[in-house]
Amino acid sequence: MLSVAGLASAIAADAQPKANPVPNLPARKSPPIIILKLDDLPGTIAPSFRKMADLLEKRNIKGSFGVISAVTWPGAKPVQDGDPEYVEWVKKLHASGRVEFWFHGWDHAGHMENGESHNEFHGRTYEDQKARFDRGQKVAFEKFGFHYQTFGPGGGPSKYGIGKKLEAQGKVMILDRVWDVNLEKSVGNPDFNAFVTGYAKHPDREYFVLQGHPNPWNDAKFEEVTKIIDFLIQQKAVFMTPSEFVAFKRKK
Ligand SMILES: [Zn+2]
C-alpha cells in the first residue's frame, strides 16, 4: 500500500509533461486552441477512454468524447444498458466540465442505398436522421440527466448541406478540421511525428479539432497521444470542449 503522501508524489511525478523538443518549428502569433474529439464511446467505460479521461485530469486539460447510443460491436453495450459505474463516470466527468460528451450516432452502422454505401447519417431522409438524433438525446437525458450540445456524425457532416443552411441561420456552428493535423495518421494509429509535421505547416491556424479513436489504442499508441498532448502543452495550447469553443467564438 502506498501512503497518502507517496501516492500524491507518484501522481505529481506522472503529471509532469515530458519534454519533446522539436527543431525548426515556425513561430506562431498565438498559441493554438485545441479541441480533442475522441470518437466511439459505447455504453461501457472502454479502457482507452478511461485512460484518456485520467490523462486529461492529470494534465488539467479538457477534451470531448463522442457517444454512440446503440452500438452493436462485440463487447459493447448500448448506453441505455450502461451499468451504474459507467453512468456515474459519465456524470462526474460532465459535471467537472473537463469532458464534453457529444452525440456521435445512434448505431454508427453504415448502410446501402441504391448500391452505394453510406455512413449512418448520409443518404437518409431528414426524418430518419432526426429520429436517430432524438432517440440519442432521449437516452442521454434518461441515463445521464443532460442532452448533448454537440453533434459529430461518422463520416463528417452530411453532404446535403443541412448543416451549412443551419449555420447560415446562426443555429449551429460547424468546426472544421485541418486534415494533416490530427492525433492519428490513420484510424486508430496516433503518430507524434506525423502530427508535428502537419502542425508545423499551419502556424496561423487559430484552432485544431484533433480526432482520435481510443478503442484500438494499445500502450504504445497511447504513448504517442501523450507525446502529442505534452507537446501541445509546451506550445501553451488552450484546450477547450466544443461547446466552450463555440461560446468563445460567439462572444468575439
Ligand atoms: Zn466513429
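Details
- Selection count where residues are buried (at least 21 other Cβ atoms within 10 Å of the Cβ), outside any helix (DSSP H, G or I) and without any contact (Cβ under 8 Å) to a residue 60 or more places away in the chain, scope the range 208-243: 0
- Within the range 53-86, being over 18 Å from the mean Cα position of the chain (by Cα) and within 22 Å of T241 (Cβ to Cβ) holds for one residue alone: G82.
- Top-ranked residue of the range 150-172 - restricted to ones that are assigned to a loop (DSSP other than H, G, I, E, B) and surrounded by fewer than 16 Cβ atoms within 10 Å (Cβ to Cβ), ranked as nearest to the ligand (Cβ to nearest atom): G155
- Residues in the range 188-207 that are farther than 13 Å from I228 by Cα and part of a strand (DSSP E or B): Y207 only.
- Looking only at the range 107-116, and only at residues there that are out of contact with any Phe, Trp or Tyr (no Cβ under 9 Å at 6 or more places or on another chain) and within 16 Å of the ligand (Cβ to nearest atom), the one that is nearest to K138 (Cα to Cα): D107
Bear in mind these aren't lab numbers, they're just calculated from the coordinates by the rules spelled out. Since we're looking at a predicted model, the values are computed, not measured. Don't worry about glycine lacking a Cβ; one is built from the backbone with ideal geometry, like all the others, and counts go over all protein chains shown.
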